[in-house]
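What follows is a set of notes on a single structure, which appears directly below.
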Amino acid sequence: MNGQAASNGDSASPDFIRIENLSKHFDDFVAVDSVSLSIARGELFSILGGSGCGKTTLLRMLAGFEVPTTGRIFIDGIDVTDLPPYERPVNMMFQSYAIFPHMTVESNIGYGLRKDRLPKSEIGSRVDQMLELVKLNDFRHRKPDQLSGGQRQRVALARALIKRPKVLLLDEPLAALDRKLREHTQFELMAIQDRLKITFIVVTHDQEEAMTLSTRIAVMEQGRFEQVGTPKQVYEYPCNRFVADFIGTINTFESRVVGCTDGVIEVESAEAGSHLHALTDKPIASGDSVSIALRPEKIFISQERPDAAEDTCLHGIVEDLGYFGNLSLYRIRLSTGKIVQVSAQNRRRSAERFLEWNDEVWISWQRQSAVVLTE
């Protein structure tokens, strides 16, 4: 795509990309349902959601490959809603990478510039810059079938960046890589984005990937944004049950509010078999139904009852456990039958287990670690 059409935008605008009430209907199916969003210049922004939530359709509308049913798209102060893809200051890196198997690495990277009929000297210079950026100088004469998955991913990234777009759209960019390579490539991608200061918009279904890469995340479900925020905001302060459950692992206790004093609520939970306490600034009244949610790493586990008077403390039995090297995961069955997941860092080097199946244990947490969910 070509970046020239939108070169006269208002660079001082805080909303570098602005989406206003954007919708996309396919006959009776609503893929994207009147979403609005602002993205700042230089952000690495992720749209996170499961299959069919509308995230790829939204990305394709930004790219110009899909025409919105309603709404407008602005990039750098220019309304690009009706512009074709080649007139937008945008480039897109596809999940399949879409690199040409018969071309060498340098030919693949320079393809877009040759198509634009740039002088050979400029093409050569910019290809060299990209090869240096993605650390593929020594592979410039190889063809894609001679490269690893991570190297092919970097070829596709360099080809997308060489035309110097204002915005790079990435559709599941790391999905084809194995876990270890994916983790390594995430940091490479972040370093490249930080160096170039180009706005990246990543579509992914992988929560860990979105959390690692992003300055901010939009969690999407059924064509709408459920929550937009920094990774820490979305993880630590989910706005509803869907976001809490979708991002990472979480324990929830369905409860009824019995009192609220100075931001501390007390709830009665049949699942916990006890009264629980939590901090909240939400408007809550006695009798309201809420969920008390806790991440596994916020819960302490021990074989002796803890002394902290303000902590919630429950008794249970180790139903199951898993060893993952850096941490252990325990599934604790309470007397009510409720299963609670607890994770604990393996800080000491030992071949012995800290706990075994059927051990009696106490689990506890601080009231500020609990999240109160009303939706």
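The values are calculated or read from the model by the stated rules, or taken from the named source; none is laboratory data. All values derive from a computational prediction rather than experimental measurement. With ideal geometry, Cβ positions are generated from the backbone for all residues, glycine too; neighbour counts draw on all protein chains shown.
Of everything listed in (1) among the small types (Gly, Ala, Ser); (2) touching a Ser or Thr at 6+ places or on another chain (Cβ under 8 Å); (3) part of a strand (DSSP E or B), the single unmet condition for Ala278 is (2). Scanning the stretch 66-81 for residues that are surrounded by fewer than 20 Cβ atoms within 10 Å (Cβ to Cβ), touching a Gly at 6+ places or on another chain (Cβ under 9 Å) and closer than 26 Å to Asp27 by Cα returns a single hit, Thr81.
On the stretch given as the stretch 179-209, residues that are outside any helix (DSSP H, G or I) and in contact with a Lys or Arg (Cβ under 9 Å, 6 or more places away or on another chain) total 7. Taking only the stretch 216-234 into account, find how many residues are more than 21 Å from Leu22 (Cβ to Cβ), surrounded by fewer than 19 Cβ atoms within 10 Å (Cβ to Cβ) and not charged (D, E, K, R). Number satisfying all stated conditions: 2.
So that you can scan it fast, the table gives a plain yes or no per residue for (1) of a type in the set (A, V, I, L, M, F, W, C); (2) crowded, with 20+ Cβ neighbours inside 10 Å; (3) at negative phi:
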site	(1), (2), (3)
Leu174	yes, yes, yes
Leu177	yes, no, yes
Leu189	yes, yes, yes
Leu196	yes, no, yes
Thr199	no, yes, yes
Leu213	yes, yes, yes
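Taking the stretch 250-272 as the search range and keeping residues that are in a loop (DSSP other than H, G, I, E, B) and either within 32 Å of the chain's Cα centre (by Cα) or modelled with pLDDT under 95 (or both), which one is surrounded by the fewest Cβ atoms within 10 Å (Cβ to Cβ)? Ranking the qualifying residues of the stretch 250-272, first place goes to Asp262. Taking each residue of the stretch 99-115 that is farther than 17 Å from Leu136 by Cβ and looking for partners that are hydrophobic (A, V, I, L, M, F, W, C) and part of a helix (DSSP H, G or I) with beta-carbon atoms closer than 8 Å, six or more apart or interchain, yields Arg114/Ile123.
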